[in-house]
1. Which number in (1) in contact with a strand residue (DSSP E or B) (Cβ under 7 Å, 6 or more places away or on another chain); (2) exposed (fewer than 12 other Cβ atoms within 10 Å of the Cβ) marks the one condition that Tyr121 misses?
2. With the structure loaded, tell me whether Gly119 is of a type outside the set (Asp, Glu) and either closer than 19 Å to Leu16 by Cα or more than 18 Å from the chain's Cα centre (by Cα) (or both) or whether it fails that test.
3. Of the numbered conditions (1) closer than 19 Å to Gly27 by Cα; (2) aromatic (Phe, Trp, Tyr); (3) exposed (fewer than 14 other Cβ atoms within 10 Å of the Cβ), Phe135 fails exactly one; give the number of that condition.
4. Could you give me the residue pairs with C-beta distances under 8 Å whose first residue belongs to the stretch 18-31 and is of a type in the set (Ser, Thr, Tyr), whose second residue is buried (at least 21 other Cβ atoms within 10 Å of the Cβ) and not in a helix (DSSP H, G or I) wherever it lies, and which are 6+ apart or on separate chains?
5. How many residues, within the stretch 113-149, are basic (Lys, Arg) and out of contact with any helix residue (DSSP H, G or I) (no Cβ under 7 Å at 6 or more places or on another chain)?
6. Output yes when any residue across the stretch 49-69 is among the charged types (D, E, K, R) and assigned to a helix (DSSP H, G or I), and no when none is.
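The values are calculated or read from the model by the stated rules, or taken from the named source; none is laboratory data. All of these numbers come straight from a predicted model, not from anything done at the bench. Note that each Cβ is placed from the backbone with ideal geometry, even for glycine, and that neighbours are counted across all protein chains shown.
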Amino acid sequence: MFEHFADPNMVIFGKLLLATVLGIVVGTERAVVGKRAGTRTFALVALGACLFTVISTNVTSQYIGITDFDPMRVIAGIITGVGFIGAGMIVFREQLLRGLTTAAGLWVAAAVGIAVGFGMYAVAVFTAVLTLLIFTLMWFFEFKMKQLFAAKHIPDPNKGFDDSDE
(Lines give C-alpha, C1' and ligand atoms only; values in the text may rest on other atoms or scores of the structure.)
Protein backbone atom coordinates (compact mmCIF):
# COMPACT_ATOMS: atom_id res chain seq x y z
CA MET A 1 0.00 0.00 0.00
CA PHE A 2 2.72 2.50 0.99
CA GLU A 3 5.33 1.09 -1.40
CA HIS A 4 4.74 3.86 -3.93
CA PHE A 5 5.21 6.71 -1.43
CA ALA A 6 8.04 5.61 0.84
CA ASP A 7 11.71 4.71 0.61
CA PRO A 8 11.83 1.09 -0.60
CA ASN A 9 14.26 0.08 2.15
CA MET A 10 11.97 1.52 4.83
CA VAL A 11 9.06 -0.49 3.44
CA ILE A 12 11.19 -3.63 3.54
CA PHE A 13 12.32 -2.80 7.11
CA GLY A 14 8.67 -2.45 8.09
CA LYS A 15 7.84 -5.84 6.56
CA LEU A 16 10.75 -7.50 8.36
CA LEU A 17 9.84 -5.87 11.66
CA LEU A 18 6.17 -6.85 11.32
CA ALA A 19 7.10 -10.46 10.49
CA THR A 20 9.37 -10.53 13.55
CA VAL A 21 6.72 -9.10 15.87
CA LEU A 22 4.07 -11.53 14.60
CA GLY A 23 6.50 -14.43 15.02
CA ILE A 24 7.16 -13.24 18.58
CA VAL A 25 3.43 -13.13 19.35
CA VAL A 26 2.80 -16.65 18.07
CA GLY A 27 6.01 -18.00 19.61
CA THR A 28 5.24 -16.52 23.01
CA GLU A 29 1.90 -18.27 23.11
CA ARG A 30 3.61 -21.54 22.14
CA ALA A 31 6.30 -21.08 24.81
CA VAL A 32 3.79 -20.27 27.53
CA VAL A 33 1.78 -23.43 26.89
CA GLY A 34 4.93 -25.53 26.94
CA LYS A 35 5.54 -26.31 23.28
CA ARG A 36 9.07 -27.08 22.17
CA ALA A 37 9.53 -24.21 19.71
CA GLY A 38 9.17 -20.86 21.43
CA THR A 39 9.46 -17.13 20.99
CA ARG A 40 12.92 -16.92 19.46
CA THR A 41 12.43 -19.84 17.09
CA PHE A 42 9.13 -18.52 15.76
CA ALA A 43 10.52 -14.98 15.45
CA LEU A 44 13.57 -16.21 13.51
CA VAL A 45 11.52 -18.38 11.16
CA ALA A 46 9.07 -15.53 10.47
CA LEU A 47 11.96 -13.12 9.90
CA GLY A 48 13.81 -15.53 7.60
CA ALA A 49 10.71 -16.37 5.58
CA CYS A 50 9.96 -12.67 5.13
CA LEU A 51 13.53 -11.93 4.05
CA PHE A 52 13.54 -14.78 1.53
CA THR A 53 10.25 -13.43 0.13
CA VAL A 54 11.53 -9.85 -0.05
CA ILE A 55 14.71 -10.99 -1.77
CA SER A 56 12.81 -13.07 -4.30
CA THR A 57 10.42 -10.25 -5.22
CA ASN A 58 13.26 -7.73 -5.58
CA VAL A 59 15.71 -10.00 -7.37
CA THR A 60 13.23 -11.54 -9.80
CA SER A 61 12.36 -8.12 -11.22
CA GLN A 62 16.07 -7.33 -11.74
CA TYR A 63 16.64 -10.43 -13.89
CA ILE A 64 13.55 -10.39 -16.10
CA GLY A 65 14.57 -11.11 -19.69
CA ILE A 66 17.82 -12.93 -18.90
CA THR A 67 17.14 -16.40 -20.22
CA ASP A 68 20.18 -18.27 -18.93
CA PHE A 69 19.95 -17.21 -15.30
CA ASP A 70 17.27 -17.92 -12.73
CA PRO A 71 18.20 -16.37 -9.35
CA MET A 72 15.45 -18.34 -7.61
CA ARG A 73 17.28 -21.59 -8.35
CA VAL A 74 20.35 -20.23 -6.60
CA ILE A 75 18.26 -19.22 -3.58
CA ALA A 76 16.40 -22.56 -3.52
CA GLY A 77 19.70 -24.46 -3.55
CA ILE A 78 21.05 -22.43 -0.64
CA ILE A 79 17.87 -22.85 1.40
CA THR A 80 17.91 -26.61 0.83
CA GLY A 81 21.56 -26.95 1.79
CA VAL A 82 21.25 -24.83 4.90
CA GLY A 83 18.08 -26.69 5.89
CA PHE A 84 20.04 -29.93 5.72
CA ILE A 85 22.81 -28.49 7.91
CA GLY A 86 20.24 -27.04 10.33
CA ALA A 87 18.50 -30.40 10.64
CA GLY A 88 21.82 -31.89 11.66
CA MET A 89 22.14 -29.31 14.44
CA ILE A 90 18.85 -30.29 16.09
CA VAL A 91 19.26 -33.01 18.69
CA PHE A 92 16.47 -34.78 20.58
CA ARG A 93 17.78 -36.85 23.45
CA GLU A 94 16.15 -38.01 26.68
CA GLN A 95 13.13 -35.69 26.44
CA LEU A 96 15.36 -32.68 25.64
CA LEU A 97 15.34 -30.79 22.37
CA ARG A 98 18.50 -28.82 21.64
CA GLY A 99 19.68 -26.68 18.75
CA LEU A 100 16.31 -25.67 17.31
CA THR A 101 16.86 -21.93 17.79
CA THR A 102 20.42 -22.14 16.47
CA ALA A 103 19.13 -23.96 13.37
CA ALA A 104 16.52 -21.23 12.84
CA GLY A 105 19.25 -18.60 13.27
CA LEU A 106 21.40 -20.39 10.71
CA TRP A 107 18.47 -20.28 8.29
CA VAL A 108 18.14 -16.51 8.79
CA ALA A 109 21.90 -16.12 8.37
CA ALA A 110 21.57 -17.83 4.98
CA ALA A 111 18.92 -15.30 4.01
CA VAL A 112 21.18 -12.46 5.17
CA GLY A 113 24.01 -13.86 3.06
CA ILE A 114 21.74 -14.08 0.02
CA ALA A 115 20.60 -10.49 0.58
CA VAL A 116 24.23 -9.33 0.64
CA GLY A 117 24.99 -11.41 -2.44
CA PHE A 118 22.23 -9.64 -4.36
CA GLY A 119 23.33 -6.20 -3.17
CA MET A 120 20.57 -5.61 -0.61
CA TYR A 121 23.07 -4.36 1.98
CA ALA A 122 20.82 -2.22 4.18
CA VAL A 123 18.21 -4.97 4.34
CA ALA A 124 20.87 -7.52 5.29
CA VAL A 125 22.26 -5.31 8.07
CA PHE A 126 18.76 -4.55 9.42
CA THR A 127 17.90 -8.26 9.44
CA ALA A 128 21.16 -9.16 11.18
CA VAL A 129 20.41 -6.60 13.90
CA LEU A 130 16.88 -7.99 14.34
CA THR A 131 18.36 -11.49 14.57
CA LEU A 132 20.77 -10.42 17.31
CA LEU A 133 17.91 -8.77 19.20
CA ILE A 134 15.87 -11.97 18.91
CA PHE A 135 18.77 -14.06 20.20
CA THR A 136 19.44 -11.77 23.17
CA LEU A 137 16.42 -9.76 24.26
CA MET A 138 13.80 -12.35 23.36
CA TRP A 139 15.41 -14.94 25.61
CA PHE A 140 14.83 -12.63 28.57
CA PHE A 141 11.27 -11.79 27.42
CA GLU A 142 10.36 -15.46 26.93
CA PHE A 143 11.83 -16.36 30.33
CA LYS A 144 9.76 -13.63 32.03
CA MET A 145 6.57 -14.69 30.24
CA LYS A 146 7.11 -18.29 31.31
CA GLN A 147 7.61 -17.15 34.91
CA LEU A 148 4.48 -14.99 34.79
CA PHE A 149 2.27 -17.75 33.44
CA ALA A 150 3.84 -20.49 35.57
CA ALA A 151 2.85 -18.44 38.61
CA LYS A 152 -0.76 -18.73 37.42
CA HIS A 153 -0.67 -22.55 37.65
CA ILE A 154 -0.08 -23.26 34.00
CA PRO A 155 2.07 -26.41 33.59
CA ASP A 156 5.83 -25.82 33.56
CA PRO A 157 6.72 -25.03 29.91
CA ASN A 158 10.32 -26.17 30.46
CA LYS A 159 9.46 -29.70 31.48
CA GLY A 160 11.30 -31.93 29.03
CA PHE A 161 12.59 -29.02 27.01
CA ASP A 162 15.96 -27.35 26.79
CA ASP A 163 16.32 -24.86 23.94
CA SER A 164 19.70 -23.63 25.12
CA ASP A 165 22.48 -24.03 22.63
CA GLU A 166 25.98 -25.07 23.54
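1. All conditions are met except number (1).
2. Yes: the conditions hold for Gly119.
3. (3)
4. Final answer for the pair search is Thr28/Gly38.
5. Matching residues across the stretch 113-149 total 1.
6. Within the stretch 49-69 (the criterion being among the charged types (D, E, K, R) and assigned to a helix (DSSP H, G or I)), the answer is no, since none of the residues qualifies.
Conditions tested, residue by residue: (1) surrounded by fewer than 21 Cβ atoms within 10 Å (Cβ to Cβ); (2) hydrophobic (A, V, I, L, M, F, W, C); (3) more than 17 Å from Thr102 (Cβ to Cβ); (4) modelled with pLDDT of 85 or more.
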position	(1), (2), (3), (4)
Thr20	no, no, yes, yes
Gly23	no, no, no, yes
Arg36	yes, no, no, no
Gly48	no, no, no, yes
Tyr63	yes, no, yes, no
Asp68	yes, no, yes, no
Val74	yes, yes, yes, no
Gly81	yes, no, no, yes
